[in-house]
Amino acid sequence: WTYANIDTMRRQLKMMGLSIDWSREIATCHPDYYRHEQKMFLDFVEAGLIHQREAWVNWDPVDQTVLANEQVIDGRGWRSGAPVEKRRLSQWFFKITDYAQELLDALDTLDRWPEKVRLMQANWIGRSEGLRIAFEVEGRADRLEVYTTRPDTIFGASFCAISPEHPLAAELAAGNPDLTAFIEECGRLGTSEAAIEQAEKVGFDTGLRVKHPFIDGKTMPVYVANFILMEYGTGAIFGCPAHDQRDLDFARKYGLDVLPVVVPDSEQDFTVGDVAYTDDGRLANSDFLDGMDVDAAKAEIAGRIEAAGSGRREVNFRLRDWGISRQRYWGCPIPIIHCADCGGVPVPAADLPVVLPDDVSFDRPGNPLDRHEEWKNVDCPKCGKPAERETDTFDTFVDSSWYFARFASPHAETPTDRAAADYWLPVDQYIGGIEHAILHLLYSRFFTRAMKKTGHAGMDEPFAGLFTQGMICHETYKTAEGAWVEPADVLEGHGDARVHAETREPLIVGRSEKMSKSKKNVIDPEDIISTYGADTARWFMLSDSPPERDLDWTESGITGAWRFSNRLWRLVAASAATLPPPGTAPDDDSAPDLRRAVHAAIAGVTEDLEAFHF
Ligand code: ZN
């Protein structure tokens, strides 16, 4: 199925007349490609770039699979509709966080990348400077460690909150069925930050109280709250409602104090209503901090906390390690064998590739590799005892993280040929949609660094220049019954009206949006090329609107481009007989105006090409 689709795509790309070197064609699903990926995985393991650990995942109990955050909709699996459970599973991770600072700093060197993409990556990496503070807990010997980026607001703190996955939450839940039920309810939110952000903020009062580090006798309640992420900071925070909207919503709901401690310079008697004050200002209601600016107050608190031995300054990143285990058949097998005695043992390089078996059945939910006894059961490469293959496969983003390097030497017996890779890379001009900003474009930047560390490449950055093109859009057509109709089956009626070509029934015309198979608002490139030719199709797509913007595919647009192509053709054809043969240069003096016009055109075309202004 995949190869048949590749054939179709190749035929269409050739039909468009694109200058592609087909001798370098590769397919990432072919063992000739993924055997090299398995080799690099083993090299990455050796170099300490990969680790295996337990992690919380979204588990669909009906389909028996892990779901990506994007596949959990309102707490349910996107296909099964079953409530998603949070489970701890053993997963493989690429240690992209080891490179968090470097990936952030190097964004400044990518001067031919769109500013927007660099900003999206910087935000995704999410560096923050903050303070870890250990609060004393009444009646307990251990302390509660919280992480905050706003230590200056400590005098406005009115509660602490811990993640439902915090070890303390689990400990307290052991004897408390209500808390257990609350934690289970939180689990149904899934693990996505976006889902957690959108959900109503709810908490469970544990009855524990922590002591305020600077106010004698003041204690604060400790909640388990659904909006605290275990994987960020320490999985615990102190809440200062006056200066954080989430904390404010939470405090209003549970009747907690709201005390402003940072106030605008000019205002007397400043109070906070339903909107938290997050702007700059001066400290107030804060004892020894009163009158300081925010930065000075942060430094003062950090200094005092560190001096008291109850915390330390800490840099945190929002970026998480890249979990690459997928419980599905379609993917590159992870070349690991699990042995009861030896643990996870890498498949010896001589035994690569680990090839997906062909004889699998999809008659039941779950990963068919799990049920393929012959494929799964092998001897441990270390001790020879019976062992089992890893049945998870790679996230397919692994495949796309280095294919550009394989193009440099598509037939090499090693993942890359260093001489070729060093000659061709980085990619001079990369093109891709903005939707790749924090996925493929970030993964590839990590992967290239990992390839450098393991000797497979010599550069840090994969793409010297990046252009994010717009999408081709078309209006949508629907019958009164709601069935989508392809543009090819639509005729123009009176004015803006449209009718079905066969039934003549009137159609509902929807706005122009990205072409998609589900809404059938697609134009077959083969139809366009057979009607108008490849030149017209290319001309229209590149010239009608700036290529970084979306293009509305319209019949009038394509016919306009077609008329222009014909005019150009006629102009040249009609003059051909009177022109000197190609390659003949007019002498300097014979036609000065023509020479000037030619050079102005060359300069203009060159500049426009380089700037993608067609
Ligand atoms: Zn063994």
Using amide H atoms built 1.01 Å from N in the peptide plane, name the residues 5+ places from residue 73, or on other chains, whose amide H lies under 5 Å from its own. 78
log10 I(q)/I(0), Debye, Cα-only the stretch 69-177, no solvent, q = 0.13, 0.18, 0.23 Å⁻¹? -0.94, -1.18, -1.20
Apply the Karplus curve 6.51 cos²θ - 1.76 cosθ + 1.60, θ = phi - 60°, to the phi angles in the stretch 90-103 and return the couplings in whole Hz, x for Gly and Pro. 7, 9, 8, 10, 7, 7, 5, 5, 4, 9, 3, 5, 5, 5
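Give the Rg/Rh ratio for the stretch 399-485, taking Rg as the radius of gyration of the Cα atoms and Rh as the Kirkwood radius, to two decimals.
Rounded to two decimals, Rg/Rh equals 1.23.
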Karplus-derived 3J(HN,Hα), 6.51/-1.76/1.60, for each residue of the stretch 484-493, Hz, glycine and proline x: 6, 10, 5, x, 5, 9, 10, 10, 6, x
FRET efficiency for residue 593 and residue 379 from the Cβ-Cβ distance with R0 = 51 Å, rounded to 0.05, comes out at 0.05
P(r) of the stretch 142-277 over all Cα-Cα pairs, 10 Å bins starting at 0, rounded to whole percent, reads 12, 42, 34, 10, 2, 0
Per residue of the stretch 345-358, in order, report the coupling 6.51 cos²θ - 1.76 cosθ + 1.60 (Karplus, θ = phi - 60°) as ³J(HN,Hα) in whole Hz, putting x for Gly and Pro. 10, x, 5, x, 3, 5, 8, 7, x, 7, 9, 5, x, 8
Whole-Å semi-axes of the ellipsoid equivalent to the stretch 1-57 (Cα gyration tensor, √5λ, descending): 35, 15, 10
Provide, in order from the shortest bin, the percent of all Cα-Cα pairs of the stretch 314-389 in each 10 Å bin, continuing until the bin that contains the maximum pair distance. 17, 41, 27, 11, 4, 0
So how compact is the stretch 475-614: Cα radius of gyration and Dmax in angstrom? 21.2, 72
C-alpha long axis of helix 245-254 to longest principal axis of the chain, angle in °: 40
With r as the distance between the Cβ atoms of residue 4 and residue 129 and R0 = 51 Å, compute the FRET efficiency 1/(1 + (r/R0)^6) and round to 0.05. 0.45
Using the basic label-point model (7 angstrom from Cα toward the beta carbon), what is the residue 484 to residue 108 distance in nanometres? 4.6
When DSSP beta bridges are limited to those with both residues in the chain, what percentage is antiparallel, rounded to the nearest 5? 90
The chain: radius of gyration over Cα atoms, expressed as a fraction of 2.2 N^0.38 Å: 1.22
Which number do you get for Rg(Cα) / (2.2 N^0.38 Å) in the stretch 389-541? 1.51
Compactness of the stretch 261-356 - radius of gyration and Dmax, Cα, Å: 27.0, 76
Tell me which residues come under 5 Å, amide H to amide H, from residue 239 once H is placed; ignore anything under 5 positions away on its chain. 158, 159, 160, 161
Set the Förster distance to 22 Å, then compute FRET efficiency between residue 611 and residue 471 from the Cβ-Cβ distance, nearest 0.05. 0.60
Across 211/298; 86/514; 86/201; 116/519, pairs whose alpha-carbon gap is larger than 22 Å: 86/514; 116/519
Net charge of neighbours whose Cβ lies under 12 Å from the Cβ of residue 391, counting Lys and Arg as +1 and Asp and Glu as -1: 0
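At 0.36 nm per residue, and after removing the present C-alpha to C-alpha distance, how many nm does the segment from residue 355 to residue 511 gain when stretched out fully? Present the calculation step by step, with values, prior to reporting the outcome.
On the way: separation 156, 0.36 × 156 = 56.16 nm, distance 4.60 nm.
Taking 0.36 nm per residue and subtracting the Cα distance, the gain is 51.6 nm.
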Specify the angular offset, from 0 to 90 degrees and rounded to the nearest 10, of the alpha carbon long axis of helix 534-543 from the longest principal axis of the alpha carbons in the chain. 40
Compute the orientation-averaged projected area for the stretch 539-607 from the convex hull of its Cα atoms and round it to one decimal in nm². 6.3
May I ask you to list the lysines whose Cα is less than 20 Å away from that of residue 382, ignoring any residue fewer than eight positions away on the same chain? 39
Extension length gain for residue 185 and residue 218 (0.36 nm per residue less Cα distance), in nm, is 8.7 nm
Over its Cα atoms, what ratio of radius of gyration to 2.2 N^0.38 Å does the stretch 58-132 give? 1.56
Show the residues, 5+ positions off or on another chain, whose built amide H is closer than 5 Å to the amide H of residue 510. 476, 477, 478
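Every number in this text was worked out from the coordinates using simple rules, so none of it is lab data. The structure presented is a predicted model; accordingly, all values stated were derived computationally and were not measured. Heads up, the Cβs are rebuilt from the backbone with ideal geometry, glycines too, and the neighbour counts pull from every protein chain shown.
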